[in-house]
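The values are calculated or read from the model by the stated rules, or taken from the named source; none is laboratory data. Predicted model only: the values in this text are computed from it and were never measured. Positions of Cβ are generated from backbone atoms using ideal geometry, with glycine treated the same way; all protein chains shown enter the neighbour counts.
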Amino acid sequence: MESFGAHLKSLREEKGKSLEDLAASTKIAASNLDFLEKDRYDLLPPRVFVKGFIRSYVQELGLNPEETVRRFEAFTKEGEFPDYSDEEHPVFYQKPSAGTFISGTWFTVALTALGVVSLSILILAGVMRVFFSDDRGKVTQPRVTTAQPRGFTESSARIESDQNHEEAAFSQPAPGQTGKKVLEIKAVANTWVRVEPDNGPAEELVMAPGDIQIFTAKHGFSVQTGNAGGIRVRFDGRELPALGKVHQALSLTLP
């Protein structure tokens, strides 16, 4: 069967569009569109967001998105990708082969030790911030815009329970970074986020419930996510209110 990415690329070239053209009109990073055309699903967000990318991509070409999504499903079933059922996590993955370092005992021990050290640093930094910071409570209000991805419906993925939306957020003190802005993101549901500090290189990652990521910058951040209700945000020690609903796209500028 023809590569799905090659099929998308041929559709785009027939319409005389470049990746940059589609990136500008769909608001999807050009790197993600390039990964899509190269079938690099291991570098893309979860399956539900990939389908959203495909729908936006095809709609900008004036074609039928549902027909293309069905072709995508057929390709993943006949190719080297797992045939996901409703009970499986909708993420493209590749299981490590037996005997690799990642699957070994030493890796588990090292990862556990790193987690203990990281937690100790976070607690110490939080205590220092409480006692030595003079700037608590002086955070500028963030600018938030939300939009539902075009062509995206709740039926395209199994939506997490609304209980996830009500989970408690941060239990640990905020880390302190002298002279730096600190952004903490905690996932309460499966979500994809993109963080760009000080207009520099952006970082994209997939987060599972309970994951916490910390970022630093001199001035501020630009944040994007496909699941506003699936994350909680703390900026410079101040926890922000809930940013949106489950599977609602979000763009956030801090401060």
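Go through Thr191, Thr225 for me and flag whichever is of a type outside the set (Phe, Trp, Tyr) and at pLDDT 90 or above. Steps first, please.
Numbers: Thr191 fails: at pLDDT 90 or above.
After applying the criteria, what remains is Thr225.
Whenever a residue of segment 189-212 is in a strand (DSSP E or B), its partners that are surrounded by fewer than 16 Cβ atoms within 10 Å (Cβ to Cβ) and acidic (Asp, Glu), lying with C-beta atoms within less than 6 angstrom and at least six residues away or across chains, give the pairs Val195/Glu203.
If a residue has to be touching a Pro at 6+ places or on another chain (Cβ under 8 Å) and among the small types (Gly, Ala, Ser) to count, how many in segment 31-57 make the cut? Qualifying residue count for the region: 2. Starting from residues that are acidic (Asp, Glu) and crowded, with 16+ Cβ neighbours inside 10 Å, keep the ones in segment 172-210 and report whichever is nearest to His247 (Cα to Cα). Across segment 172-210, the extreme among qualifying residues is Glu204. All conditions in (1) modelled with pLDDT under 55; (2) touching a strand residue (DSSP E or B) at 6+ places or on another chain (Cβ under 6 Å) hold for Phe49, with the sole exception of (1).
Sort out which residues of segment 1-22 are in a helix (DSSP H, G or I) and either of a type in the set (D, E, K, R) or at pLDDT 95 or above (or both), and write them in order of number.
Passing the criteria: Lys9, Arg12, Glu13, Glu14, Glu20, Asp21.
Being over 15 Å from the mean Cα position of the chain (by Cα), in a strand (DSSP E or B) and modelled with pLDDT of 85 or more is true of Val182. Considering segment 211-255, and only residues there that are of a type in the set (S, T, N, Q) and farther than 28 Å from Gly179 by Cα, the residue that is surrounded by the most Cβ atoms within 10 Å (Cβ to Cβ) turns out to be Asn227.
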